[in-house]
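All remarks here apply to the structure that follows.
The values are calculated or read from the model by the stated rules, or taken from the named source; none is laboratory data. Since we're looking at a predicted model, the values are computed, not measured. Positions of Cβ are generated from backbone atoms using ideal geometry, with glycine treated the same way; all protein chains shown enter the neighbour counts.
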């Protein structure tokens, strides 16, 4: 039970941290590089147009158009970037703080 609770807590903390970091990146980009944010929003709008004109039946395409906007795609993009950054930093931190111990058979050969 403790291992499951630890994994759920770790995942929840990672998602929350990624959400905050993505929002910070979005605000920073909007304040200091608005032309880049405009480029990202234009790309998200192109992806939205591509996804909503796939020829799906109306019963599915209406839901895609309703829940998939260029704002959601932009925030999703920044959230994915934030998750990658968190994974790299977390891996580097845990490798530095808790180095893996070699098994006994690997110690004999160098």
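Are there any pairs with C-beta distances below 9 angstrom linking a residue in the range 1-14 that is in contact (Cβ under 8 Å) with a residue 60 or more places away in the chain to a residue that is surrounded by 10 or more Cβ atoms within 10 Å (Cβ to Cβ) and part of a helix (DSSP H, G or I), with the two at least 6 apart or on different chains, and if so which?
Sorted first by the residue in the range 1-14, then by its partner, the pairs are 14/83; 14/86; 14/87; 14/90.
Could you tell me whether residue 87 is within 12 Å of the chain's Cα centre (by Cα), in a helix (DSSP H, G or I) and surrounded by 14 or more Cβ atoms within 10 Å (Cβ to Cβ)?
no
So which residues in the range 64-83 are part of a helix (DSSP H, G or I) and over 14 Å from residue 20 (Cα atoms), if there are any at all?
Scanning the range 64-83 gives 64, 65, 66, 67, 70, 71, 72, 73, 74.
May I ask you to list the residues in the range 92-109 that are in a helix (DSSP H, G or I), surrounded by fewer than 10 Cβ atoms within 10 Å (Cβ to Cβ) and modelled with pLDDT of 80 or more?
Matches in the range 92-109: 96, 97.
Considering only residues that are in a helix (DSSP H, G or I) and surrounded by 14 or more Cβ atoms within 10 Å (Cβ to Cβ), which ones fall in the range 42-63?
Once the filter is applied, which keeps residues that are in a helix (DSSP H, G or I) and surrounded by 14 or more Cβ atoms within 10 Å (Cβ to Cβ), the range 42-63 yields 43, 44, 45, 47, 48, 51, 52, 61.
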